Amino acid sequence: MPDASHAPSSRELDVAIVGGGLGGLYAIHRLRGMGLKVRAYEAGSGVGGTWFWNRYPGARCDVESLEYSYSFSDELQQEWKWPERYGNQPEILQYINHVADRFDLRRDVQLDTRIVSALFDQKTGLWMLRTDKGEEVRARYCVMAAGNLSTPRVPDFKGIHDFKGKWYHSGLWPHEGVDFTGLRVGVVGTGSSGVQMIPLIARQAEHLTVFQRTANFSLPARNGPMEPERESRHKADYPARRRAAYDTPFAIGGYPKPTKSALEATEEERNAAYEAKWQEGGSISYLYAYTDLLVNKQANDTASEFVRNKIRGMVKDPVTAELLAPKDHPIGTKRLCLDTGYYETYNRANVTLVDVRSDPIAEITPTGLRTGKKEFELDAIVFATGFDAMTGALREIDIRTSDGAVLADKWAGGPLTYLGLMVAGFPNMFVVTGPGSPGVKTQMIASIEQHVDWIAGCLDHLHKQQLDRIEPAEQAESDWVGHVNAVADSTLYPLANSWYVGANIPGKPRVFMPYVGGFDRYKRRCDEVASSGYEGFTLSRRGVAVA
Ligand code: N01
C-alpha cells in the first residue's frame, strides 16, 4: 500500500485525480489503461469516498445493488454476489475494496492526503496541485472526482463546543461505531441519512428525540435477501440491462416507461398504481408511475397525498402523523427517501418528534439542546444535517490560474460549467458528476462511468490530434447553464428548499445545480459534442487554437 510518509516532495503526472471514491478509482483504471501516468489523492485513510465516511447505523444505498455497481467489467459484475436487494454500507465498501485490489488500483492512490490547492500555469499549460503534506504534483490534466456529498455540514449552533456529551455527524461516523444503549439521544435532521438511522438508534437508545425542521417523504425500501432467481435472470442479460438503463432519465432499468399522465387515470386506477409501487418498494419506480409526476403540480398532488395518507395510517398519534406528513414540497422534489420502519418508529414509547420549524433550535447547552420554548436533556446528539452539496468539495480547494482566475470567485453566484464537465477559464480541469450534470439525480456509478469514459475519449482525441489543451468557450458555458436552469424551471424541482438549490446552507446562492433533463438526453448530448469534434470547446496546442 502506498505510504504518504515516503511520498516524494514533487511528482510529475499526466493526470492528477482528486478523490479515491467510486469516481477516482474508475478514473485510475480507465486512464491508466490508456498508458497515462495517473495518481489519485484521497483525504480518507481508505478508498471508497462516500461509503468510507458514511458509516452511521442503517447506512444503505437506495438504488438496488444489481444496478448500483460498476459495469465496465462483465467478469466483475457477473462474479460479485450482492447479499441483499440494496447494498448496505459495509457491503458496498467491501465491493469497492475488492475492485481496488482486483484492478490493482491501490498503487496509484495516495491515502491520507488532501489536495489543498490547484494552480494552472497558462505558460506551461500544467496544473500544479499542492497536498496538505506539502507535496507538489504537476500534471497536464486534472480530474476532480471529489464527490457531491463529501463536505459534511454541522450547523453553526451556539454552544455546540460546550456540550458535555458526545456529538456526531452522519458523514463523519466513528469507525469503531457508537453504542447508544441506555442514552438519551437527539437526532437533528430527517433527510435520507436521518430516516435511515432513526429506526436503529430508537431500538438502542433509552430515549430518542428527533428534531425535525422539514418533514420528508419516504417510501418503504422492502429490502431483503437477494432472490437467486432474480439475480441469475439479471446477470444472464447484464450488458443489455445496462444499455436499457442508460436510455432512461435516472440510468436505472427495470421499470416500465410511463405512458400517461396521472390526470388521465381515475382516482381508483391511480391509487391502485401507487399501491402496487408502494408494495414493490423503491423510489424511482414510484416517481415513474406516470409521465408527469415531476412536472405537473396537480398530478404530483395525487402521488403526494397517497403517501401522506399512508403516513397517517402508520403513525398512531394523529398530531405526530400530521407533523410527519410533508406539505411544503411536492413528492420527489427533495431526494425521496427509502426506509425500513421509519414512520412506525414514532409509535414507540421511547421516541419523541419535535417540530423545530415552528420552534427552532436556539442553542446546544452543556447538557442537551434548547429550542425557543423548551429544553431537552441529552447524552448524545447526532447531526444528520447534510452536506455542502455539489460545490463544497471544490470550494475547499483553492483552485486558480496564473492569469488570476479564481474558481471560488467565478462560482460565487452559483456554479458555472459546460456540460457539468469543464469550466471556462480553467483549462484541462475535468469535473466528475459535478454541477450542471445529472449525476446526483441518477444511478451515480452509471454517471461516473459515463463522465470518465467521456474524459478518456477526450484525452485520446487530444493525443491523436497532437493537442494538449481544452477548455469550454464562455458562450457554450453560459448557454449550458441557461439550459440547465430552463429545464429545472420546467419541472417542479425548484418548488422545494433542497440541497439541489443549496437551501440547507445559509447564505449559499439559490441556484438549481443538477441537470434534470435526464441521463439519457444528457449522454446523447455529450456524445454529440464529442463526435462533432468537441463543439463548444477550444482545443489547442501550447496555447495555439486549432478548433
Ligand atoms: O442530508 P439532507 P442527508 N436545524 O440535506 C436538516 C444522499 N444520501 O445526509 O430540510 C434543523 O438531505 C434538514 O432540514 P431542511 C442523498 O442524495 C443517500 O440526509 O433543510 N434541521 C434536513 O432534514 C441525500 O439527499 C442515501 O429543513 C436542520 C436534514 O437536516 C443526500 O445524501 C443515504 C438544520 C439534512 O438532510 C443528503 O442526505 C444518505 C438546522 N439548522 C444520504 N440544518 C441513500 O442512498 C439542516 N437540517 C439511502
task = Tally the residues that are over 25 Å from the mean Cα position of the chain (by Cα), under 20 Å from M314 (Cβ atoms), buried (at least 20 other Cβ atoms within 10 Å of the Cβ) and small (G, A, S), restricting the search to segment 248-295.
result = 0
task = Might you let me know whether segment 357-373 holds any residue that is out of contact with any Lys or Arg (no Cβ under 7 Å at 6 or more places or on another chain), within 24 Å of P57 (Cα to Cα) and either among the aromatic types (F, W, Y) or more than 16 Å from the ligand (Cβ to nearest atom) (or both)?
result = no
request  = Can you confirm whether segment 182-190 contains a residue that is closer than 28 Å to S498 by Cβ, among the aliphatic types (A, V, I, L, M) and surrounded by fewer than 23 Cβ atoms within 10 Å (Cβ to Cβ)?
outcome  = no
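Quick one: in segment 328-356, of everything that is more than 13 Å from the ligand (Cβ to nearest atom) and among the hydrophobic types (A, V, I, L, M, F, W, C), which residue is surrounded by the most Cβ atoms within 10 Å (Cβ to Cβ)?
So, considering only residues that are more than 13 Å from the ligand (Cβ to nearest atom) and among the hydrophobic types (A, V, I, L, M, F, W, C), the one surrounded by the most Cβ atoms within 10 Å (Cβ to Cβ) is I331.
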remark   = Going through segment 65-113 in order, the residues found to be part of a helix (DSSP H, G or I), among the charged types (D, E, K, R) and over 22 Å from I17 (Cα atoms) are D74, E75, E79, E91
task = Would you be able to say whether some residue in segment 66-77 is touching a Phe, Trp or Tyr at 6+ places or on another chain (Cβ under 9 Å), surrounded by 15 or more Cβ atoms within 10 Å (Cβ to Cβ), in contact (Cβ under 8 Å) with a residue 40 or more places away in the chain and closer than 18 Å to C337 by Cβ?
result = yes
remark   = Checking V431, V487 in turn, the sole residue that is under 21 Å from the mean Cα position of the chain (by Cα) and under 30 Å from L126 (Cβ atoms) turns out to be V431
Where I399 falls short, out of the listed (1) farther than 27 Å from L336 by Cα; (2) surrounded by fewer than 17 Cβ atoms within 10 Å (Cβ to Cβ) = (2)
note = Among residues of segment 236-247 being touching a residue at least 60 places away in the same chain (Cβ under 8 Å) and surrounded by fewer than 16 Cβ atoms within 10 Å (Cβ to Cβ), the residue nearest to M444 (Cα to Cα) is D247
task = State the number of residues belonging to segment 432-450 that are over 20 Å from W51 (Cα atoms) and touching a strand residue (DSSP E or B) at 6+ places or on another chain (Cβ under 9 Å).
result = 2
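Looking only at segment 466-488, decide whether some residue is of a type in the set (G, A, S) and within 30 Å of E67 (Cα to Cα).
yes
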query = Give me the pairs: first residue in segment 115-134 and closer than 22 Å to G392 by Cβ, second residue among the acidic types (D, E) and assigned to a strand (DSSP E or B), beta-carbon distance under 7 Å, and six or more apart or on different chains, which are they?
reply = V116/D398; S117/D398; R130/E136
key: Members of segment 200-214 found to be within 13 Å of the ligand (Cβ to nearest atom) and either buried (at least 21 other Cβ atoms within 10 Å of the Cβ) or β-branched (V, I, T) (or both), listed by number   = T209, V210, F211, T214
remark   = Within segment 423-479, of all residues that are among the β-branched types (V, I, T) and part of a loop (DSSP other than H, G, I, E, B), the one farthest from V15 (Cα to Cα) is T442
task = Identify the single condition in (1) part of a helix (DSSP H, G or I); (2) of a type in the set (S, T, Y); (3) within 16 Å of the ligand (Cβ to nearest atom) that Y522 does not satisfy, given that it satisfies every other one.
result = (3)
note = When segment 295-340 is checked residue by residue, the ones that are acidic (D, E) and either in contact (Cβ under 8 Å) with a residue 40 or more places away in the chain or more than 23 Å from A202 (Cβ to Cβ) (or both) are D301, E305, D328, D339
key: Hits in segment 304-324 (condition: within 27 Å of K260 (Cβ to Cβ) and touching a helix residue (DSSP H, G or I) at 6+ places or on another chain (Cβ under 6 Å))   = F306, I311
ask   = Pick from segment 28-54 the residues that are within 21 Å of the chain's Cα centre (by Cα) and assigned to a strand (DSSP E or B): which of them is farthest from D132 (Cα to Cα)?
value = A40
remark   = Of the candidates A321, A380, A325, the one satisfying the condition of being at pLDDT 95 or above, of a type in the set (A, V, I, L, M) and within 16 Å of the ligand (Cβ to nearest atom) is A325
key: Candidates Y342, Y346 - the one that is among the aromatic types (F, W, Y) and touching a Leu at 6+ places or on another chain (Cβ under 8 Å)   = Y346
Filtered residues of segment 130-162 (kept if away from the ligand (no atom under 14 Å from the Cβ) and buried (at least 19 other Cβ atoms within 10 Å of the Cβ)) = T131, V137, A139, R140, Y141, C142, V143, M144, A145, A146
request  = Please specify each residue of segment 489-504 satisfying the condition of being more than 9 Å from the ligand (Cβ to nearest atom), surrounded by fewer than 17 Cβ atoms within 10 Å (Cβ to Cβ) and part of a loop (DSSP other than H, G, I, E, B).
outcome  = S490
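The values are calculated or read from the model by the stated rules, or taken from the named source; none is laboratory data. Here the structure is a predicted model, which is why all the values come from computation and not from measurement. Note that each Cβ is placed from the backbone with ideal geometry, even for glycine, and that neighbours are counted across all protein chains shown.
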